[in-house]
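These notes are about the structure you will find just below.
Since every read-out is calculated from the coordinates, none of them should be taken as a lab result. Since the model is a prediction, treat every value here as computed from it, not as a measurement. Note that we place each Cβ from the backbone using ideal geometry, even for glycine, and neighbour counts take in every protein chain shown.
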Amino acid sequence: MKIEDCKILKFPKILDERGNLSFLEEGIHIPFEIKRSYWIYDVPGGEIRGGHSYKVNQEIIIALSGSFDVVLNNGSSEKIVSLNRSYYGLYVPAGIWRHMENFSTNSLAFIVASTEYSENDYERDLNQYREEIANA
């Protein structure tokens, strides 16, 4: 899997003096059928979330509020993507290791996923992940 396959998606932004509105639609803005959504919040300073890859699941990560960094790794290279706008989402395909760090106060990460939760889809050991990539 190539890090370049991870990309920023821009969602529509409707400006209004009463407050802006953004949205996403499956099949239009999201390149997969949405099977699950979840959010991460109240992350204490200095904590890291994630730290895994998926065998099948794809996801879009959005900073609905505040900011955080997503660290992407494909076993041979690493890239850091800073998210801080609610109308941008980071597409992460299956097979890419990722974790999130540097959460600002009151940040809110929203994730839409292509599969229902399955513990069997996770690779949670970075050394094992690197070994599997090297042998692929």
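So here's what we get for this one:
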quantity	calculated
Cα centre as origin, Lys/Arg/Asp/Glu Cβ charges: the chain dipole, Debye	320
Where a label projected 7 Å from the Cα of residue 87 along Cα→Cβ would reach, residues of segment 15-57 with amide N under 16 Å	15-25, 29
Residue 65 long-range amide H proximity, modeled H, under 5 Å	108
Exposure proxy ranking, count of Cβ atoms within 10 Å, fewest first, for 72, 15	15, 72
Within straight-line cross-link reach of residue 2, lysines at Cα separation under 17 Å, skipping those fewer than 8 residues along the same chain	55, 79
Separation between Cα centres of segment 110-130 and segment 1-72, rounded to whole Å	15
10 Å Cβ shell holding at most 15 others, DSSP loop, GluC sites (Glu not before Pro): longest site-free stretch of the chain	48-115
DSSP beta bridge pairing in the chain, given as percent antiparallel to the nearest 5	95
Within the chain, longest stretch clear of exposed trypsin sites (Lys or Arg not before Pro) (DSSP loop, no more than 14 other Cβ within 10 Å)	56-123
